[in-house]
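The values are calculated or read from the model by the stated rules, or taken from the named source; none is laboratory data. On a predicted model such as this, the values are computed, not experimentally measured, just so you know. Backbone-built Cβ (ideal geometry, glycine too); neighbour counts: all protein chains shown.
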Amino acid sequence: MANIRNFSIIAHIDHGKSTLADRLIQYAGLVPERQFRDQMLDTMDIERERGITIKSQTVTLPYTAPDGEEFELNLIDTPGHVDFSYEVSRALASCEGVLLLVDASQGVQAQTLANLYAAMEHDLTIIPVINKIDLPAADVDMVREQMEGELGLDSDLAVLCSAKEGRGIEDVLEAIVERIPPPSGSSQNPLSALIFDAHYDPFRGTIVSCRVFEGSVQPGDVIRFMSNGAVYRVEEVGIFKITREPRKRLSAGDVGYIISGVKTLSDTRVGDTITLDSKPTDSPLPGFKEAKPVVFSSIYPISSDDYLSLSDALEKYKLNDASLVYQKDSSVALGQGFRCGFLGLLHLEIVQERLEREYDQSIIMTVPSVEYRFALDDGSTVVVDNPQYYPEAIRIRVAEEPYIKASIILPERYMGAVMKLCMDRRAVNPRFNYPSAGRVEIVFDMPLAEVVFDFYDRLKTITQGYGSLDYDLIGYRESSLVKLDILVNGEKVDALSLIVHRDRAREWAVQVCDRLKEEIPRHQFKIAIQGAIGGKIIARSTVNAFRKDVTAKCYGGDISRKRKLLEKQKKGKKRMKMVGSVMIPQGAFVAVLRSDNE
Amino acid sequence: MNKRELPGLYIHVPFCRSKCRYCDFYSITSLDLVPEWLEALEREAVLRKNLFPVFGSLYLGGGTPTALMEHEAGLLMECVRRHFRFAEGAEMSVEANPDDVCREKLCFLLDQGFNRISIGVQSFDDGELRRLGRRHTGRKAEAALGLVMSSGFDNVSVDLMYGLEGQSLTSWARSLRRAVKFEPHHLSCYQLTIEPGTPIGRLAEEGRIVPIDEDSEHSFFLFTSRFLTQKRYIHYEVSNFARKPQFECMHNKKYWNRAPYLGLGPGAHSFKDAVRWSNVKSVSEYCGKLSVGEPPVCSREVLSSEQVRLEKLFLGFRTRAGVDLSALGSMPDPAPILKQLEKTGIVRVRRGKIVPTLKGLLVADSLPLLF
């Protein structure tokens, strides 16, 4: 156990976490040089494309120190986005130390801070690492200053590296071995292991990633999940060396996997404690909680025939993403679907993309919503995350919406534009910090609802990529809310309804009406698109009817040619949804959500 | 069997003296292959003669049937009569080019048993005719129509085209008036369809001619319908008008009503029992295959029930007879769509039929997609 080190790499998005992980893997010689590809741990296409880590992956790196001593270094990769703070916290709880990675040209960013605080909460050893020192714009002294001033770290202890060029990798490894304490615990104690991740393997069932704190576990043992008492017989244990490598047992201090025939997907919960059924531990490991979604949206199959297939895909998906919650939902316009809760907007986008790419689903998602609270005239309170359940307006005494404390760090020169963006989004009570020269941190209170829709994109655009955002929920505040309905030829399109602040309703309604006008094809008749609050129309657009589309003749006896043309068109229309007598292409539901970056 | 449901026989004459610049029907201008084509046709007739016992119509189209010499046309009709039987009162149509029309030709055609003639006038404006690549003039067309109307044919149809390059609504009205003056029994008024691969299609691709816009199409169509309806013609299909119901083209209606038909000759199409097939287009390939006893078929498809349904819809919506409600088959609920279409004056639903209005005929191509 003295030769084991458990660590994570934490960093602001794009600061080079995956590249550093690649170098460490390469250095350990786990992968033959020619099979090596960039971002080994980011196995999903979407992770590689976006340059973010979504699923944490784990890898055990063998390391021989210069003095010949052999170590096992367990790298527990963490998701790199604020939406996944719970997953990050479980990964951090499995470590004794972290590498805090900072980009030498960009310096300390909002998530650097958030990550540092998370690591400190878990009382971890922090090794500051300054990455990308090869860049022409690298300013190591500036970053050192920020580390001292903004992070309160001893910058003399910072390790310098360039993961891209492979410089400083040995220093990083030495620092891990030298500074991070070995795990404590005893393999004689009752088993206590923390689930920090789970994957689904179509052949083996659920594969649980865990950190063993006390005791040991081996094939044949009967284990118990403490949150729900479910018991399973262990089939295999082992460690991750890019691929799974079976071991005789996992003991205190180890990080690895357990396969135990868990078929009921919902039985695995990240953060849960595993113990032995015959000799259980007294108390579970601290910090377990159910993932709490803050953003909600409904997912519908484009073709209602695919409902069961979507249901199946979500069930499988959920195994690898414990933070997604969902339940059945239905819409007049879109049929049967699911109401889903997400950790944040990025999480929503990832679920959407993965369902489409990996599970081959064609889906429509509705406008994201937050959880609103309404106190009604009979003294009761209802919580509503779905506009469908918006209470009758006259019964509402008090409406409330969730607020966040948003922290934005940006170069001073963008301050005006960012202030305007935030004020447009109903931000209040700005506070300013000047952590170092030329940089400013603005802290606002603002409604979560204003952030879930395209705020981050806008911020990135306005600041040319230099602005960074972190946020925390701070509770509910009273608000003036209305339900906005969209009507197409008089028929309400329930999937486009939205609960929104009164002052923002018209702007949104106009935007939706204009977008729909572009997306809905011309019909045989005129189509009116309206935005309405209650019975009052506040926005309107019109799709004109087409005037003539019939072709002159039906070629001699050649009926097939014309029919084939229509069959092709008909296929295209299959992807449309009928609302009353109007066909709305699925793209329209997506277009309504598109960020407006003019 | 009702005459309406009897099969039709189509014979494709793939020869023209000159090619029109808009036409994408298969034809060649060399008449050298006529004897060989006649021989092949005879072979194809033998192959197909037992498919249907009796026909309700014959349609001799092309190409230009009147480009054939009299003895050639005589051989052709002899072959037809030898192998196929026609019901009493069957419609026997032939297409004629105004340039080929003369008293003798008309007598000959009547002698051969034709009782309906369709004159490919297209326009009476010499400039328009030139741009279309037609070989006749407006004067010649009028002369031909004069002859035809007094020749003894008691069912005469005139083909006209609108939406031509440089054609104004006024010029179109003039052509219509000049045609109607002869009181033909039937008129086909087609909007020019620009087909890729034709000389006009190539000009359009190069941007050297600009197809008319949707608003003009709309105006031409409505004007045509209103003008001819006022002259007491029945607008019974998108492009077709008849003085009386009995002058509606029986043969073409078989296509729209999905009655069976047999097509002989290169590029001809046939339909029987949910099977559609078509012949190779090239004359030499057509002759070659038949010379070795092979059927000259190049494509064949068996229609699924969904395809049959779609055909019933799109063909039905082109005619004022409309679509049987039963043709909608199993679909969730057509009521809201029908209601909307009725409300906006696109269709009328009555006596178990969905009948397109004039406004409905304008959008007949997209109607089937709604169901």
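Table for the structure above
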read-out: Test: residue in the range A:440-456 that is aliphatic (A, V, I, L, M), crowded, with 16+ Cβ neighbours inside 10 Å and within 14 Å of another protein chain (Cβ to nearest Cβ); value: no
read-out: Helices (runs of 4 or more DSSP H) wholly inside the range B:253-345 containing at least 1 residues that are modelled with pLDDT under 95 and at the interface with chain A (Cβ under 9 Å from one of its Cβ atoms); value: B:305-316, B:335-343
read-out: Condition met for A:LYS420 (out of contact with any Leu (no Cβ under 7 Å at 6 or more places or on another chain) and part of a strand (DSSP E or B)); value: no
read-out: Single condition A:LYS562 does not satisfy, out of (1) outside any helix (DSSP H, G or I); (2) under 30 Å from B:HIS218 (Cβ atoms); value: (1)
read-out: Residue match in the range A:311-328 (condition: in a strand (DSSP E or B), within 23 Å of A:PHE453 (Cα to Cα) and out of contact with any Phe, Trp or Tyr (no Cβ under 7 Å at 6 or more places or on another chain)); value: yes
read-out: Lone qualifier among B:GLY152, B:GLY146, B:GLY138, B:GLY127 - being touching a residue at least 12 places away in the same chain (Cβ under 8 Å), in contact with a helix residue (DSSP H, G or I) (Cβ under 6 Å, 6 or more places away or on another chain), assigned by TED's automatic domain parsing to the domain that holds B:PHE220 and at negative phi; value: B:GLY138
read-out: Some residue of the range A:496-512 being of a type in the set (Asp, Glu), more than 29 Å from A:SER304 (Cα to Cα) and facing chain B (nearest Cβ under 8 Å); value: no
read-out: Matching residues in the range B:85-104 - criterion: being more than 22 Å from the chain's Cα centre (by Cα) and either part of a strand (DSSP E or B) or modelled with pLDDT of 95 or more (or both); value: B:ARG85, B:GLU88
read-out: Verdict on A:ILE529 being of a type outside the set (Lys, Arg) and touching a Cys at 6+ places or on another chain (Cβ under 7 Å); value: yes
read-out: Considering residues of the range A:568-584 that are more than 7 Å from chain B (Cβ to nearest Cβ), surrounded by fewer than 18 Cβ atoms within 10 Å (Cβ to Cβ) and of a type outside the set (A, V, I, L, M) only, the residue nearest to the chain's Cα centre (by Cα); value: A:ARG575
read-out: Complete set of residues in the range B:249-271 that are crowded, with 22+ Cβ neighbours inside 10 Å and more than 12 Å from the chain's Cα centre (by Cα); value: B:TYR261, B:LEU262, B:GLY263, B:LEU264, B:GLY265, B:PRO266, B:GLY267, B:ALA268, B:HIS269, B:SER270, B:PHE271
read-out: Some residue of the range B:99-110 being hydrophobic (A, V, I, L, M, F, W, C) and within 14 Å of chain A (Cβ to nearest Cβ); value: no
read-out: Residue selected from the range A:1-25 under the condition assigned to a helix (DSSP H, G or I) and touching a residue at least 60 places away in the same chain (Cβ under 8 Å), by the criterion nearest to A:SER85 (Cα to Cα); value: A:LYS17
read-out: Unmet requirement for B:LEU315, which otherwise passes all of (1) hydrophobic (A, V, I, L, M, F, W, C); (2) surrounded by fewer than 19 Cβ atoms within 10 Å (Cβ to Cβ); (3) touching a Phe, Trp or Tyr at 6+ places or on another chain (Cβ under 6 Å); value: (2)
read-out: Boolean, A:GLN57 is buried (at least 20 other Cβ atoms within 10 Å of the Cβ), of a type in the set (S, T, N, Q) and either within 24 Å of A:VAL31 (Cβ to Cβ) or in contact with a Cys (Cβ under 9 Å, 6 or more places away or on another chain) (or both); value: yes
read-out: Verdict on A:LEU355 being assigned to a helix (DSSP H, G or I), in contact with a His (Cβ under 8 Å, 6 or more places away or on another chain) and not assigned by TED's automatic domain parsing to the domain that holds A:ASP470; value: no
read-out: All positions within the range B:290-303 that are small (Gly, Ala, Ser) and either surrounded by 19 or more Cβ atoms within 10 Å (Cβ to Cβ) or within 15 Å of B:PHE271 (Cβ to Cβ) (or both); value: B:SER299
read-out: One residue from B:LEU228, B:LEU222 being outside any strand (DSSP E or B), modelled with pLDDT of 95 or more and either outside the structural domain of B:GLY61 (by TED's automatic domain parsing) or not polar (S, T, N, Q) (or both); value: B:LEU228
read-out: Elements of type helices (runs of 4 or more DSSP H) contained in the range A:423-532, each with 3 or more residues being modelled with pLDDT of 85 or more and assigned by TED's automatic domain parsing to the domain that holds A:VAL383; value: A:448-452, A:455-462
read-out: Some residue of the range A:283-291 being surrounded by 19 or more Cβ atoms within 10 Å (Cβ to Cβ), outside any helix (DSSP H, G or I) and more than 23 Å from the chain's Cα centre (by Cα); value: yes
read-out: Selection count where residues are β-branched (Val, Ile, Thr), buried (at least 19 other Cβ atoms within 10 Å of the Cβ) and away from chain B (no Cβ under 14 Å), scope the range A:521-553; value: 1
read-out: Qualifying residue in the range A:554-561 (condition: out of contact with any Lys or Arg (no Cβ under 8 Å at 6 or more places or on another chain), of a type in the set (A, V, I, L, M, F, W, C) and either crowded, with 18+ Cβ neighbours inside 10 Å or more than 10 Å from chain B (Cβ to nearest Cβ) (or both)); value: no
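Let's see how each residue does on (1) more than 23 Å from A:PHE525 (Cβ to Cβ); (2) of a type in the set (Phe, Trp, Tyr); (3) touching a residue at least 12 places away in the same chain (Cβ under 8 Å):
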| site | (1), (2), (3) |
| --- | --- |
| B:SER284 | yes, no, yes |
| B:LEU313 | no, no, yes |
| B:SER326 | yes, no, yes |
| B:ARG350 | no, no, no |
